[in-house]
Amino acid sequence: MSSITISSSFYAYLSKLRWIKRWGLKRNAHEENVMEHSWEVAVIAHTLALIKNRYYGGNIDANAVATAALYHDITEVITGDLPTPIKYHSPEINRAYKQIEQQAEMELLNLLPDQLRADFEDLIQHERLPIEQVKIIKAADKISAYLKCQAELKAGNKEFETAAEQLAQTIAETEQAEVIFFMQAFVPSCGLTLDGLMKTN
């Protein structure tokens, strides 16, 4: 086997996601970084896809959804986490941010070895993802944010009251049956302590 000499800083960039803090405009009782958030979105999205397949006649590759979700905020290692109220403050800011995000996607792709780049394009360039996957990942992102808000409220942090109400309303208005299923089946126990969880088993 011949040796291959390639140097890439792609994963060095990814490792920095643990230092990118979310919810930067709010006081946090428990800080959350982009790396842990990405994992939570991935496992929620994976479960949503399976629910859709098993209960509602879906035909979605749950593993592909989970992988795409792991990379859904990868550009924030370059852009940082722009809070949602700022991102959607005006159409002009939103358009400008999308352009910055697309440029960041290209810069990250260009860090990869040539023969791997095509494999990552569908993961990193959001517009290339199938719409069914996008819908599930966005729903998982909202559920993750909702769970974060609930954890903050439980810790007595009223900074998250409005965000929690807005997210609850958005999720309640969804037409995605798999999201309603997840919220009813899995979310109520998320507020329990470990002792409380053990008593329910």
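Explain nothing, just the number: dipole magnitude of segment 52-201 about its Cα centre with +1 on each Lys and Arg Cβ and -1 on each Asp and Glu Cβ, in debye rounded to the nearest 20. All intermediate terms of the calculation are to be shown ahead of the outcome.
Values: 14 positive and 23 negative charges, 101 e Å.
Dipole of segment 52-201, to the nearest 20 debye: 480 debye.
Quick one: which of 111-124, 131-144 comes out on top by average Cβ neighbours within 10 Å, and what's the full order, highest first?
Numbers: 111-124: 13.9, 131-144: 20.3.
With the highest mean Cβ count within 10 Å placed first, the list reads 131-144, 111-124.
Points 7 angstrom from Cα along the Cβ direction at residue 43 and residue 12: gap in nanometres?
Going from the residue 43 label point to the residue 12 one covers 3.1 nm.
Using the Cα gyration tensor of segment 76-115, with a ≥ b ≥ c the square roots of its eigenvalues, what is the shape: rounded (a/c below 1.5), prolate (a/b larger than b/c) or oblate (neither)?
On the way: a/c = 5.20, a/b = 2.42, b/c = 2.15.
In terms of gyration-tensor shape, prolate.
Once amide H atoms are built 1.01 Å from N in the peptide plane, which residues 5 or more positions from residue 58, or in another chain, come under 5 Å H to H?
Distant-sequence amide H within range of residue 58: 53.
Listing 75, 5 from the residue with the fewest other Cβ atoms within 10 Å to the one with the most, what is the order?
On the way: 75 22, 5 4.
With the sparsest Cβ surroundings first, the list reads 5, 75.
At 0.36 nm per residue, minus the direct Cα-Cα distance, what do residue 173 and residue 138 gain on full extension? Give it in nm, one decimal, please. Let's see the in-between values first.
Details: separation 35, 0.36 × 35 = 12.60 nm, distance 1.41 nm.
My answer for the length gained is 11.2 nm.
When the Kirkwood hydrodynamic radius is evaluated over all pairs of different C-alpha atoms of the chain, what value in angstrom, to one decimal, is obtained?
Values: mean 1/r = 0.0542 Å⁻¹.
Averaging 1/r across every pair of different Cα atoms and inverting gives 18.5 Å.
Shape verdict for segment 1-65, please, from the Cα gyration tensor: rounded (a/c under 1.5), prolate (a/b greater than b/c) or oblate.
Numbers: a/c = 4.46, a/b = 1.11, b/c = 4.03.
Oblate shape, in that a/c is at least 1.5 and b/c is the bigger or equal ratio.
List residues of segment 109-136, by number, whose backbone nitrogen lies under 13 Å from a label position 7 Å along Cα→C-beta of residue 103.
It comes to no residues whatsoever.
I need the shape label for segment 129-201. Rule: rounded when a/c is under 1.5, else prolate if a/b > b/c, else oblate, with a, b, c from the alpha carbon gyration tensor.
Working: a/c = 2.37, a/b = 1.38, b/c = 1.72.
Oblate is the answer for segment 129-201, as a/c is 1.5 or above yet b/c matches or exceeds a/b.
Give, as ranges by residue number, the residues of segment 76-120 whose backbone N falls under 11 Å from the point 7 Å along Cα→Cβ of residue 128.
106, 109-110, 116-120
Here, each number is a calculation from the coordinates, and none is a lab measurement. All figures in this text were calculated on a predicted structure; none of them were measured in a lab. Ideal geometry is used to build each Cβ from the backbone, glycine not excepted, and the neighbour counts take in all protein chains shown.
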